[in-house]
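Undergrad: Please read through the structure below; I'll follow up with questions.
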Amino acid sequence: MILPLGGAGPSDAGGLVCSAKGCRATAVWALRWNNPKLHDAERRKTWLACDEHRTSLSDFLGVRGFLRDVEPVGEARLG
């Protein structure tokens, strides 16, 4: 499942956009995460990130212990 933070959806060109609030850049990274208090260990949710927001979104998830994997969008299973 793709969960955009800023309400962003697919861009007019049909591509995937970054999940950072207000960002409309093309997503190139899939940040796979789960909240172990809420989700089974195998479950993964996905936030998308452009190059500019990869670190800040990863840090946000990482400091909470939620980040599991970061992979290029083309290699990620989105859905």
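The values are calculated or read from the model by the stated rules, or taken from the named source; none is laboratory data. Since the model is a prediction, treat every value here as computed from it, not as a measurement. Counting neighbours? That spans all protein chains shown, and the Cβs are built from the backbone with ideal geometry, glycine included. With ligands, DNA and RNA removed, areas are computed over all heavy atoms of the protein, side chains included. Shrake-Rupley method; radii C 1.70, N 1.55, O 1.52, S 1.80 Å.
Undergrad: Could you give me the residue pairs with C-beta distances under 7 Å whose first residue belongs to the stretch 15-42 and is closer than 14 Å to T55 by Cβ and basic (K, R), whose second residue is in a loop (DSSP other than H, G, I, E, B) and open to solvent by less than 70 Å² (accessible area, probe 1.4 Å) wherever it lies, and which are 6+ apart or on separate chains?
TA: Here the result reads none, with nothing in the stretch 15-42 linked to a residue that is in a loop (DSSP other than H, G, I, E, B) and open to solvent by less than 70 Å² (accessible area, probe 1.4 Å).
Undergrad: Can you find a residue in the stretch 21-30 that is open to solvent by less than 80 Å² (accessible area, probe 1.4 Å), of a type outside the set (D, E) and not in a loop (DSSP other than H, G, I, E, B)?
TA: yes
Undergrad: For residues in the stretch 46-69 being in contact with a Phe, Trp or Tyr (Cβ under 9 Å, 6 or more places away or on another chain) and closer than 19 Å to G15 by Cα, which is surrounded by the fewest Cβ atoms within 10 Å (Cβ to Cβ)?
TA: Only one residue fits best here, namely D51.
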